[in-house]
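Structure below; questions to follow.
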Amino acid sequence: MSALLFLIPIALFLGGLGLAAFLWSMKSGQFDDLDGAAERILIDDEEDAPEGKDSDQSATR
């Protein structure tokens, strides 16, 4: 029974800490654009490709 007196405040503190972290992330805009990151991975960046004649051949291998 004495273990519960020790574990319950720790669990409440960790739950409050998790809630505070979630509310901070919501306030700072971490969840504003959920689809943007998923769609950015599919977009080919032609301007970021390395230049040179070997770059075209290495993409087809």
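Coordinate-derived values only; no laboratory data. Keep in mind that what you see is a predicted model, and the values were worked out from it rather than measured. Methodologically, a virtual Cβ is constructed for each residue, glycine included, from the backbone with ideal geometry; neighbour enumeration extends over all protein chains shown.
Label Ile10 and Glu46 with points 7 Å out from Cα along Cα→Cβ: what is the distance between them in nm?
5.9 nm
How far apart, in nm, are two points set 7 Å out from the Cα along the Cα-to-Cβ line at Ser25 and at Ala37?
0.9 nm
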